[in-house]
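The values are calculated or read from the model by the stated rules, or taken from the named source; none is laboratory data. These figures come from a predicted structure and were not determined experimentally. Glycine gets a Cβ as well: all are built from the backbone with ideal geometry, and neighbour counts include every protein chain shown. Quick note on the areas: whole protein, heavy atoms, side chains included, nothing else; ligands and nucleic acids left out. Shrake-Rupley method; radii C 1.70, N 1.55, O 1.52, S 1.80 Å.
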Amino acid sequence: MNLLLDTHIWIWSLLEPEQLGPELREALESVGSELWLSPVSVWETVMLIERGRLQVPGDAADWIDRMIRRAPIREAPFTFEVALESRRAGLAHQDPADRLLAATAKVHGLTLVTADERLLSGQGYQVRPHR
């Protein structure tokens with residue numbers, strides 16, 4: 001299973017795994033699962049740290065780099081096709097990060113894992129709830 005982790009899912013998997021349902025935790029740890037992360041999620045994480053909404057030890061970039069290396073995470077490419085698809089994403093809102101994540105899932109054939117109701121109710125891409 002190829003799973004694209006929404007920003008909060010990635011953070012929870014690192015810092016608060018109890019926020020994730022047992023089936024999802026099992027899927028994240030499964031040898032058969034490929035975990036993917038978008039550069040958008042890295043950017044969102046930096047913003048959360050800089051705004052004081054997420055506390056991490058040391059420098060934000062260093063912490064993120066360590067966390068990416070800690071788990072087998074693949075980078076989901078942000079391509080021209082993803083950028084264009086983000087404008088066609090089947091979402092009822094205009095949040096650019098959500099649109100880019102939905103488009104990334106669609107273009108790369110990934111299942112977006114999220115707790116965000118707006119993304120869960122979107123159309124045109126595969127999505128999986130966190131519970």
Could you put I9, I49 in order of accessible surface area, largest first, with the 1.4 Å probe and the full protein assembly present?
I49, I9
Of A97, A71, A89, which has the largest mean-square fluctuation in a 10 Å C-alpha GNM of the chain?
A71
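For E117 and A61 in one chain, what is 0.36 nm times their gap in residues minus the Cα-Cα distance, to one decimal in nm?
On the way: separation 56, 0.36 × 56 = 20.16 nm, distance 2.89 nm.
Computed gain between E117 and A61 is 17.3 nm.
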Which of these values of Rg/Rh (Cα atoms, Kirkwood Rh) was calculated from the structure shown: [x] 0.94; [y] 1.06; [z] 1.09?
[x]
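Quote the relative contact order of the chain in percent (integer), defining contacts as alpha-carbon pairs under 8 Å separated by 6+ residues.
Values: 187 pairs, mean separation 39.6, N = 131.
Once divided by the residue count of the chain, the mean separation gives 30 percent.
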Give me the percent of the accessible area of the stretch 54-131 that comes from carbon and sulfur atoms, probe 1.4 Å, all protein chains in place.
53 percent
Net +/- balance of residues flanking D62 in space, Cβ distance below 14 Å, scoring K and R +1, D and E -1:
0
Amide H to amide H under 5 Å from W36: which residues, 5+ apart in sequence or cross-chain, H placed 1.01 Å off N in plane?
L3, L4, L5, R74
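In deg cm²/dmol, rounded to 500, what helix-only [θ] at 222 nm does the chain give when every DSSP H run of at least 4 residues adds -39500 (n - 2.57) and the total is split over its residues? Don't skip to the answer; put the middle values down first.
Details: 7 runs with 64 residues, N = 131.
After summing the helix terms and dividing by the residues of the chain, the value is -14000 deg cm²/dmol.
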Accessible-area order (highest first, 1.4 angstrom probe) of the listed residues R25, R53:
R53, R25
Projected onto the charge dipole of the chain (+1 at Lys/Arg Cβ, -1 at Asp/Glu Cβ, origin at the Cα centre), which of L35, H8, Q94 gives the Cα projection farthest towards the positive end?
Q94
Size of the dipole of the stretch 27-93 about the Cα centre, Lys and Arg at +1 and Asp and Glu at -1 on the beta carbon, nothing else charged, in debye to 20?
140 debye
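Leaving out ligands and nucleic acids, note down the accessible area per residue over the stretch 46-102 with a 1.4 angstrom probe, in whole Å².
Values: 3810 Å² over 57 residues.
That works out to 67 Å² per residue.
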